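Some notes on the structure that comes next.
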Amino acid sequence: QATPVFHEAQRRLADTTIAAPERLVAAELLLRHPDLKGEAIPFLAAGIAPQSALTFQQDCLRALQGSEDPRAGAALLERWSMAGASLRPALLDAMLSRADWTRPLAQALDAGGIAPTAFDAARRGRLLRHADPAVRAVAEKAFGAGLRSPRADVVTKYRDALQKTGEAGHGAAHYTRLCATCHRRGDEGRDIGPDLKSVIQHPPEKLLVNILDPNADVQPGFHAFQATLTGGEELYGIIAAETGNSVLLKLADGSVRTLLRSQIESLRGSDLSLMPEGLEAGLTSQDLADLIAFLKTP
């Protein structure tokens, strides 16, 4: 008796003249059919795209997560680079919700398709305590102290700055020249990266690494995205906010562009910070000690 209902769902899913939310309902129904779910998964995966309203992307993600089909897990993993900043945590949780989906996630982490910085402490812990020894091994390699950053030699070169007494007054000048273009501290600077008042309690070593190796620990919400518009324009910045029909992209100069989803050709996230490497050029260890002293000043 249910056969005609599934056939109607097939018809509606294939009809591109029908509104996407209605086709979504048809796809969710087809996920319940063991032989027809394969028709629904590509549609739901394609819905996780910057051109789709955020609520629609969330609905597609929830539908895929509710499926036990291995193809759904593979589809979610393939959409990682296209998922916006607000959707990525939920996508990771979906991949972590099933052991047979977590293994490909770990493989992507091991291969560099997803950076370790994409995982917060709780999600790192889930991988580190996973029942599968192979997943735990990947997590220990990715999150362990043995992971060597390409900037590790630079950090080592300037580590003696931690042994020097910094002069906050001199550090203020370095802040104005190097940091204020992207970071606000009090009334000075641009509101692009994290407010530097928030780092006062950080230990000096963490500050040193953050300055010299900005991609080692990118805070949630501050990963860089590359947007290509339908007219060919390319923009690079962080996602400041998302609505159903638009994305607010904050650019490196501090300006904010409102991009209608219909204008977006592609939106690909990176695992990099908008903060550039190489800020130490022209600085001595004493200069870095001064800058750290300034950042530690209330």
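Here are the numbers for the structure shown:
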read-out	value
Pairwise label distance in nanometres, residue 2 with residue 136, each label 7 Å out on the Cα-Cβ vector	4.0
Cα-projected label distance for residue 187 with residue 86, points at 7 Å along beta-carbon direction, nm	3.3
Potential lengthening between residue 126 and residue 14 on full extension [0.36 nm per residue; Cα-Cα distance subtracted]	36.5 nm
Whole-percent carbon and sulfur share, accessible surface of region 159-212, 1.4 Å	51
Residue 217 accessible area, 1.4 Å probe, all protein chains in place, Å² to nearest 10	70
Net +/- balance of residues flanking residue 34 in space, Cβ distance below 11 Å, scoring K and R +1, D and E -1	-1
Whole-Å semi-axes of the chain's equivalent ellipsoid (Cα gyration tensor)	43, 23, 13
Heavy atoms of residue 236 accessible to a 1.4 Å probe, total area in Å² rounded to 10	90
Choice from 262, 52, 81 with maximal GNM fluctuation in the chain (Cα, 10 Å cutoff)	262
Length-normalised contact order for the chain - Cα pairs under 8 Å, 6+ apart - percent	20
Expected 222 nm ellipticity per residue - DSSP helices of 4 or more, -39500 (n - 2.57), all of the chain, to 500	-12500 deg cm²/dmol
Mean shadow area of region 118-238, taken as a quarter of the surface of its Cα convex hull (nm²)	11.1
Formal net charge of residues neighbouring residue 97 (Cβ-Cβ distance under 12 Å; K, R +1; D, E -1)	+1
Cα gyration tensor, region 35-158 - rounded (a/c under 1.5), prolate or oblate	prolate
Förster-model FRET efficiency, 22 Å R0, residue 229 and residue 270, C-beta, rounded to 0.05	0.80
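The values are calculated or read from the model by the stated rules, or taken from the named source; none is laboratory data. Here the structure is a predicted model, which means the values were calculated and not measured. Neighbour counts are summed over all protein chains in view; Cβ atoms, including those assigned to glycine, are modelled from backbone coordinates with ideal geometry. Ligands, DNA and RNA are stripped out before the accessible areas are found, and what is left, the full protein with its side chains, is counted by its heavy atoms. Shrake-Rupley method; radii C 1.70, N 1.55, O 1.52, S 1.80 Å.
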